[in-house]
Amino acid sequence: MPYSVPWSSRHKKVTGGLPFSLSNSFAEPLSNKELIERSLARDDQNIVDEYHNHSLEYTPNGGSLDVREEIANLYGSKITADNIVVFAGGQVALQTAAIALLNKNDHAIVFTPGYQSVQVAPLHAGCQITKIRIYPENRWQIKPDEVEAAIQENTKYIVINEPYNPAGTLMNHETQQRLKEIAEKNDLYFMSDEAYRLLEHDKKDRLPAMADFYQKGISACTFSKPWGGCGITIGWLAFQEMSIKEKLFDVQYFGTACPSRASELQTMMALRSSDDILERNIKIIHHNLSLLDQFFEDYSDLFEWERPNAGAIAYVKFKGPLTTEELGAELAKEGISIKPAYVFSDGIEDYDDYFRIGFGESIMPKALEALRKFVEKHKNSWLA
């Protein structure tokens, strides 16, 4: 497996532990106390008792039956517990799928800028990749014609991230349908990182999960984003084609073979309160979006964005005299963290003026106010 330096490692060296975070990408974090209280409020004493008394023996590879049943409820009738494989986090799922389904003679299509794990997982499998660039002028949308033109005789795999990280935008239904048709025509596996699915700002924009939508589709998800369960450390793959399951198990055996039972039980607690948790998190997101709307209106001469419609993140263009690597370093001196362009598009110079912000937490307004004070202090010199 080729070694890849994490693009975010530079960022973490500069911004680790700062008091004002605009770089977090998750929704409002859950607490274990909250999970237990919600479980008791709905008279689910059994799961609380099991959480306090569960065995520390190994769980089954791919996750216990009960947690896979709960996860399968997020999908349509074609996805049952047998169509779910659970991992110790979403990134592990992306890596495992690529290694299980690809080899050095294969070709995959990925998109940039984007989350590094999504872009490089096929490289870790040793195969060739084509990176297709997407652009803010097109609202960060994938162009199906470009995907079709990139397909080679040995293409086996397409990887997308929708809702899209870092911009928080979402492809339309017509684009998803066209991409499915291209994948079907060429008999391709279609991996869809759906970490922010269920956090659409308007439910009518929600796309079908790829695992439901396409026979060779694979949906990857993580508990850290919509539900704010970062420390639960649970991710999964959902798929229709059962022939891939044994391959996933074989690769998983050499990684994190099984999740912890405590994490599985916390996942079930949260999923059984999913509607309430997601409603709470969407309210926080809508509130913070309104604050960002005002911020970008007030400083339109320095910043612009494609307003997100899903998730808790946005990709922002800085129109001042600094690259966002330089801007991030200056902000860090004031205790404020952002994610500069190099975290998502290493080596693409004309994205140097972009940075990602996160707005999924109830404490985000304090970070935004700190950013406002920083901008007020520097705006005259930036615009001179």
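Data table
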{"read-out": "Any hit, segment 281-291, residues being at pLDDT 95 or above, of a type in the set (D, E, K, R) and touching a His at 6+ places or on another chain (Cβ under 9 Å)", "value": "no"}
{"read-out": "Unique match (being in contact with a helix residue (DSSP H, G or I) (Cβ under 6 Å, 6 or more places away or on another chain), in the same structural domain as Leu22 (by TED's automatic domain parsing) and under 27 Å from Glu194 (Cβ atoms)) among Phe303, Phe318, Phe355, Phe344", "value": "Phe355"}
{"read-out": "Test: residue in segment 194-203 that is within 25 Å of His173 (Cα to Cα), surrounded by fewer than 24 Cβ atoms within 10 Å (Cβ to Cβ), over 16 Å from the mean Cα position of the chain (by Cα) and of a type outside the set (Lys, Arg)", "value": "yes"}
{"read-out": "Among the residues listed as Asp44, Asp49, Asp66, the single one being over 16 Å from Thr233 (Cβ atoms), out of contact with any strand residue (DSSP E or B) (no Cβ under 8 Å at 6 or more places or on another chain) and exposed (fewer than 12 other Cβ atoms within 10 Å of the Cβ)", "value": "Asp49"}
{"read-out": "Members of segment 84-103 found to be within 18 Å of Pro226 (Cβ to Cβ) and not in a helix (DSSP H, G or I), listed by number", "value": "Ile84, Val86, Phe87, Gly89"}
{"read-out": "From the options Ser23, Ser55, residue that is over 27 Å from Ala310 (Cβ atoms) and either in the same structural domain as Cys230 (by TED's automatic domain parsing) or hydroxyl-bearing (Ser, Thr, Tyr) (or both)", "value": "Ser55"}
{"read-out": "All positions within segment 258-269 that are farther than 11 Å from Ile47 by Cβ and buried (at least 22 other Cβ atoms within 10 Å of the Cβ)", "value": "Pro259"}
{"read-out": "Filter result for the condition that a residue is over 23 Å from Ser25 (Cβ atoms) and among the aromatic types (Phe, Trp, Tyr), over Tyr115, Tyr135, Tyr157, Tyr164", "value": "Tyr157"}
{"read-out": "When residues of segment 358-384 are limited to those that are within 13 Å of Leu302 (Cβ to Cβ) and among the aliphatic types (A, V, I, L, M), the one farthest from the chain's Cα centre (by Cα)", "value": "Ala384"}
{"read-out": "Breaking point among (1) modelled with pLDDT of 95 or more; (2) assigned by TED's automatic domain parsing to the domain that holds Ile313, for Leu40", "value": "(2)"}
{"read-out": "Residue check, Thr15 among the polar types (S, T, N, Q), modelled with pLDDT of 95 or more and in contact with a helix residue (DSSP H, G or I) (Cβ under 7 Å, 6 or more places away or on another chain)", "value": "no"}
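Okay, residues lined up against (1) farther than 27 Å from Ile277 by Cβ; (2) touching an Asp or Glu at 6+ places or on another chain (Cβ under 7 Å):
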residue: Arg42; (1), (2): no, no
residue: Asp49; (1), (2): no, no
residue: Ala72; (1), (2): no, no
residue: Ala88; (1), (2): no, no
residue: Gln95; (1), (2): yes, no
residue: Cys127; (1), (2): yes, yes
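The values are calculated or read from the model by the stated rules, or taken from the named source; none is laboratory data. Computed from a predicted structure; not experimentally measured. Every residue, glycine among them, receives a Cβ derived from its backbone with ideal geometry; neighbour counts consider all protein chains shown.
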